[in-house]
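Following: one structure in structure tokens, then a few remarks.
The values are calculated or read from the model by the stated rules, or taken from the named source; none is laboratory data. A quick note: this is a predicted structure, and the numbers were derived from the prediction, not measured. Positions of Cβ are generated from backbone atoms using ideal geometry, with glycine treated the same way; all protein chains shown enter the neighbour counts. Accessible surface is based on the protein model in full, side chains and every heavy atom, while ligands, DNA and RNA are left aside. Shrake-Rupley method; radii C 1.70, N 1.55, O 1.52, S 1.80 Å.
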Amino acid sequence: MELRDFSEAANSFSPNVASPRPPDGKGTEVAATYVVSNTNPTGWFGNEMHSGLFIIPDDGDPEGKFLYDPSGTYMNREMGSGRALYGPDVSPEEYLKYQLLDGPNVTIRKYATTPEEEAEIIKRSDDIGGGGFFDCTTNVTRAINGVGPFAEIQETMWPTKLDRQLRQSKRAVGEAHDLESLRQLLSK
């Protein structure tokens, strides 16, 4: 993990993004959680396609990657029954390409999260599992609500409602809509 220094002043503008520097002077480890909102038209419920999330550690360790696609159809030979994928097979680019097959209305938002917050999101995702039909957004909101930058996110079953909550929270540190902008977001 990269150690980043967040001063008191920075924290006053970005609450829950990172803790102030601890007394030992080493800084606070911060990595990234990405929430995916696919709000393309479904033909059944308007613009209510899909939600998912992935975590990419700042230290570049491929074993630390995590993707959660509850009630989704994204397939990878290593994907578990809980619709989670761990390790080097997690490819944000491939996941975005798959979501873009539905149309262009896909947003990936990046959030600064600590290793403890990420561990909590992964634990919740494992506990929740893959879900049933139309549980994607419900399960994503259950995995993130109340954790770090997602403190105000409320449970919902609607991708557009989650997308609106994420946009209005103004806690994202960046967003992507296509492969090029995702690559730039991942490199920051």
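Here is a check on your reading of the model: is LYS110 within 17 Å of the chain's Cα centre (by Cα) and either free of Cβ contacts under 8 Å to residues at least 60 places away in the same chain or under 19 Å from ASN139 (Cβ atoms) (or both)?
no
Name the pairs whose Cβ atoms lie under 7 Å apart, with the first residue in the range 143-162 and under 15 Å from ILE122 (Cβ atoms), the second aliphatic (A, V, I, L, M) and open to solvent by 10 Å² or more (accessible area, probe 1.4 Å), and 6 or more positions between them or separate chains?
Once the first residue is under 15 Å from ILE122 (Cβ atoms) and sits in the range 143-162, its partners that are aliphatic (A, V, I, L, M) and open to solvent by 10 Å² or more (accessible area, probe 1.4 Å) give ALA143/ILE128.
Scan the range 135-183 for residues that are under 17 Å from ASP69 (Cβ atoms), open to solvent by 40 Å² or more (accessible area, probe 1.4 Å) and under 14 Å from the mean Cα position of the chain (by Cα) and report the count.
Qualifying residue count, the range 135-183: 1.
Mind listing whichever residues of the range 116-132 are open to solvent by 30 Å² or more (accessible area, probe 1.4 Å), closer than 16 Å to ALA32 by Cα and either touching a residue at least 60 places away in the same chain (Cβ under 8 Å) or among the aromatic types (Phe, Trp, Tyr) (or both)?
GLU117, ILE122
Considering the range 85-110 alone, what residues qualify as being over 17 Å from ALA32 (Cα atoms), open to solvent by less than 30 Å² (accessible area, probe 1.4 Å) and touching a Leu at 6+ places or on another chain (Cβ under 8 Å)?
VAL106
Please determine, by comparing only the residues of the range 74-93 that are polar (S, T, N, Q) and modelled with pLDDT under 90, which one is farthest from ALA119 (Cα to Cα).
Across the range 74-93, the extreme among qualifying residues is ASN76.
Suppose we filter the range 137-188 for residues that are assigned to a loop (DSSP other than H, G, I, E, B) and out of contact with any Phe, Trp or Tyr (no Cβ under 7 Å at 6 or more places or on another chain); how many remain?
14
Could you check, for the range 47-68, whether at least one of its residues is modelled with pLDDT under 65 and of a type outside the set (A, V, I, L, M)?
Within the range 47-68, one or more residues are modelled with pLDDT under 65 and of a type outside the set (A, V, I, L, M).
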